[in-house]
Structure formats: C-alpha cells, structure tokens
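Novice: Please find one structure pasted underneath; my questions will follow.
The values are calculated or read from the model by the stated rules, or taken from the named source; none is laboratory data. Nothing here was measured: the structure is a model prediction, and the numbers come from that model. For neighbour counting, all protein chains shown are included, and Cβ atoms are generated from backbone atoms with ideal geometry for every residue, glycine included. Remember, those area values only see protein heavy atoms, side chains included, never the ligands or the DNA or RNA. Shrake-Rupley method; radii C 1.70, N 1.55, O 1.52, S 1.80 Å.
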Amino acid sequence: MIINSLELKNIRSYESGIVQFDEGVTLFEGDIGSGKTTLLLAIEFALFGLGDQRGDSLLRASSNSGSVKLTFTVDGAEYTIYRELKRTPSGVQQGEMYIRTPMGRRKLSAKELKAEVLGILGYRDPLNPRARSRI
C-alpha cells in the first residue's frame, strides 16, 4: 500500500489540512502537540473505523462534524476512503462513509467498509467495527 494523500477536517488539532505524500519513506517531525499522532490516528480511522477509539477523541472539541479522506494505491489501483464524524446528543457517531475504487464509488456501513479495506489490503482481522485491531 502506498498512501497518496490525507485530508482532514475538524480532526483533533486540525481545523483543515491536506497532506500529499511523496513516494518513499515519510518522516513526521515536530514539537509535542504539533499533530504528528493525529495524522497517524486519522489514517487508522480512515482504514479501519473507530475500533476501540471514542469518536470524541478524534473530533475537534469545538466542532459538530469532521471528516477524514484517505487516498492510497494498492497493486497500481487507486482507492479513496471517506469517513465522517458527527456530534449528536448521545455522543460522537460515524456519519457518511464511502469508498471509491476503480469500479466506482459505494456507500457502505462501518462494518462493510472495514471488511472491504481488509480485503483490499489482504489482511484477516475481526470484522466488528469496534473490535480491537491487532494491526
């Protein structure tokens, strides 16, 4: 898997931002609290959903909604995953989510999207979207 880009809106310390990844190794460098871990958590959220994370730990405290869009390449095919978080009276929940593959764009549930990603990546992992991942 090659990560091409990551787009964040209202995720932790990021109001908005786009990271374009060059081919090769990427090193995140910066002061404590500059957002390095947020980028890694956003990639994990895009690929696998919330898992054992709480949605309010990802959504920016002052925001009612946020999103992550991850574009990556596997075996020459490009994929884009979009996941949204929404603040509701009962807490932060996942909102709209979809995957764009070479076959087109499809809206999926959290469980379906995780299964699709695991299939693309060739991993065998629990399909429960809240299951603790060993990846």
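Novice: Check off (1) within 20 Å of TYR123 (Cα to Cα); (2) surrounded by fewer than 18 Cβ atoms within 10 Å (Cβ to Cβ); (3) modelled with pLDDT under 90 for LEU50 and give me the number that stays unchecked.
Specialist: (2)
Novice: Could you list, ordered by first residue, the pairs with Cβ atoms under 8 Å in which the first is in the stretch 25-44 and surrounded by 10 or more Cβ atoms within 10 Å (Cβ to Cβ) and of a type in the set (Lys, Arg) and the second is modelled with pLDDT under 85 and not in a helix (DSSP H, G or I), at least 6 apart or interchain?
Specialist: That search, which allows pairs on different chains as well, returns LYS36/PHE28; LYS36/GLU29; LYS36/GLY30.
Novice: Now a separate question. Among SER67, SER57, SER109, which is the only one that is among the hydroxyl-bearing types (Ser, Thr, Tyr) and farther than 27 Å from LEU27 by Cα? Talk me through it step by step, then tell me what you get.
Specialist: Details: SER67 fails: farther than 27 Å from LEU27 by Cα; SER57 fails: farther than 27 Å from LEU27 by Cα.
Answer to the check: SER109.
Novice: Right, next: Return yes when ARG87 is open to solvent by 40 Å² or more (accessible area, probe 1.4 Å) and touching a Ser or Thr at 6+ places or on another chain (Cβ under 9 Å) and no when it is not.
Specialist: Taking the combined requirement at face value, the residue satisfies it.
Novice: Output the residue which, of all residues in the stretch 1-24 that are small (Gly, Ala, Ser) and touching a residue at least 24 places away in the same chain (Cβ under 8 Å), is most open to solvent (accessible area, probe 1.4 Å).
Specialist: Applying the first criterion (small (Gly, Ala, Ser)) to the stretch 1-24 yields 5, 13, 16-17, 24.
Going one step further and asking which of them are touching a residue at least 24 places away in the same chain (Cβ under 8 Å), we end up with 5, 13.
Details: SER5: 23, SER13: 67 Å².
Within the stretch 1-24, the match that is most open to solvent (accessible area, probe 1.4 Å) is SER13.
Novice: Now a separate question. Being modelled with pLDDT under 90 and in a helix (DSSP H, G or I) is true for just one of SER62, SER57. Which residue is that? It would help to see each step written out before you state the result.
Specialist: On the way: SER62 fails: in a helix (DSSP H, G or I).
None of the other options fit; the residue is SER57.
Novice: Still on this model: Condition first: among the aromatic types (Phe, Trp, Tyr) and modelled with pLDDT of 90 or more. Can you find one or more residues in the stretch 5-24 that meet it? Write out each step before concluding.
Specialist: Narrowing the stretch 5-24 to residues among the aromatic types (Phe, Trp, Tyr): 14, 21.
Still in the running and modelled with pLDDT of 90 or more: 14, 21.
Scanning the stretch 5-24, I find at least one residue that is among the aromatic types (Phe, Trp, Tyr) and modelled with pLDDT of 90 or more, so the answer is yes.
Novice: Let me ask another. Report whether or not ARG105 is without any contact (Cβ under 8 Å) to a residue 40 or more places away in the chain, surrounded by fewer than 12 Cβ atoms within 10 Å (Cβ to Cβ) and either over 12 Å from the mean Cα position of the chain (by Cα) or not in a loop (DSSP other than H, G, I, E, B) (or both).
Specialist: So ARG105 fits the description; yes.
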